[in-house]
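The values are calculated or read from the model by the stated rules, or taken from the named source; none is laboratory data. Predicted, not measured: the structure shown is a model, and the values here were computed from it. Cβ coordinates were reconstructed from backbone atoms using ideal geometry, including for glycine residues, and neighbour counts include every protein chain displayed.
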Amino acid sequence: MMLMGDCGAEVQRRGFIRLQEPACGAGGMVIAAAESLHAAGHNYQQVMHATCIDIDPCCVHMAYVQLSLLHIPATVVHGNALSMEVWGTWYTPAHVLGGWTFRLRRRVEAELLRDAVALEHDEPVEEIAVAARHDAGGDAVATGMDEPDVAVLERANGNAADISPVREATSLAELFEQSLASGTREPSVFDTIDQLTLF
């Protein structure tokens, strides 16, 4: 039996806990954590989410089957936790049926809001007025400044509506979620067939 320290307070404070397993194997540690939460009187299907990563596809399949049969909400990633490569992502039925994609996104948004409010109240923001006028040629002339202190970066193929705020990831699971969200590869029919073959 695995002992988890004061998980009840974390569940009360945040609503659920997140587990990250960078070399999950068959998912034994995640299953032990779920059993520990169950023994502490918590429903692990509602208060725990796991992100399991492994480089071996056989281990990914074993973890996916076990976590699915035990109805543990999890994202099982076939990838390399060291080089941050991702070759496939599998969501357990408990993840899909429990609405965990929305719950995880809502937590990230709440943390972003909390960070923004903390920055607003802790650090005074100085407003710098820059007087600029445009002449007939379209060049901007700044008065009172030699060189600008701020550099502007633009995307070559995108507009401002496509740019979303990026927060520095604080955990391995967030790094993988960001890499999946920023991926340009569209899922193919073969990805769907690969996941359906387990059923």
Report summary line: Pairs returned, first residue in the stretch 5-28 that is in contact (Cβ under 8 Å) with a residue 12 or more places away in the chain, second residue that is among the polar types (S, T, N, Q) and part of a loop (DSSP other than H, G, I, E, B), beta-carbon separation under 6 angstrom, 6 or more apart or interchain, are GLN20/SER171
Requested in this report: Take the residues in the stretch 7-27 that are part of a helix (DSSP H, G or I) and in contact with a helix residue (DSSP H, G or I) (Cβ under 8 Å, 6 or more places away or on another chain), then tell me which one is farthest from VAL65 (Cα to Cα).
Outcome: ARG14
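Quick grid of which residues meet (1) surrounded by fewer than 20 Cβ atoms within 10 Å (Cβ to Cβ); (2) modelled with pLDDT under 90:
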{"site": "MET29", "(1), (2)": "yes, no"}
{"site": "HIS49", "(1), (2)": "no, no"}
{"site": "ILE53", "(1), (2)": "no, no"}
{"site": "PRO57", "(1), (2)": "yes, no"}
{"site": "MET62", "(1), (2)": "yes, no"}
{"site": "LEU97", "(1), (2)": "yes, yes"}
{"site": "PHE102", "(1), (2)": "yes, yes"}
{"site": "ARG107", "(1), (2)": "yes, yes"}
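Has the stretch 70-87 got any residue that is over 19 Å from the mean Cα position of the chain (by Cα) and at pLDDT 90 or above?
Looking only at the stretch 70-87, we keep the residues that are over 19 Å from the mean Cα position of the chain (by Cα), and these are 70-71.
Going one step further and asking which of them are at pLDDT 90 or above, we end up with 70-71.
Checking the stretch 70-87: at least one residue is over 19 Å from the mean Cα position of the chain (by Cα) and at pLDDT 90 or above.
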Report task. Go through (1) more than 26 Å from ARG114 (Cβ to Cβ); (2) more than 18 Å from the chain's Cα centre (by Cα); (3) modelled with pLDDT of 85 or more one by one and return the number of the condition HIS42 breaks. Result -> (1)
Query raised in the report: Among the residues of the stretch 80-91, is any surrounded by 13 or more Cβ atoms within 10 Å (Cβ to Cβ) and free of Cβ contacts under 8 Å to residues at least 24 places away in the same chain?
Result: yes
Requested in this report: Show the residue pairs that are 6+ apart or on different chains and have beta-carbon atoms under 6 Å apart, the first residue being within the stretch 30-56 and free of Cβ contacts under 8 Å to residues at least 24 places away in the same chain, the second being among the aromatic types (Phe, Trp, Tyr) and surrounded by 15 or more Cβ atoms within 10 Å (Cβ to Cβ).
Outcome: HIS38/TYR44
Requested in this report: Look through VAL76, VAL65, VAL11, VAL96 and report the one residue that is β-branched (Val, Ile, Thr) and in contact with a Cys (Cβ under 6 Å, 6 or more places away or on another chain).
Outcome: VAL76
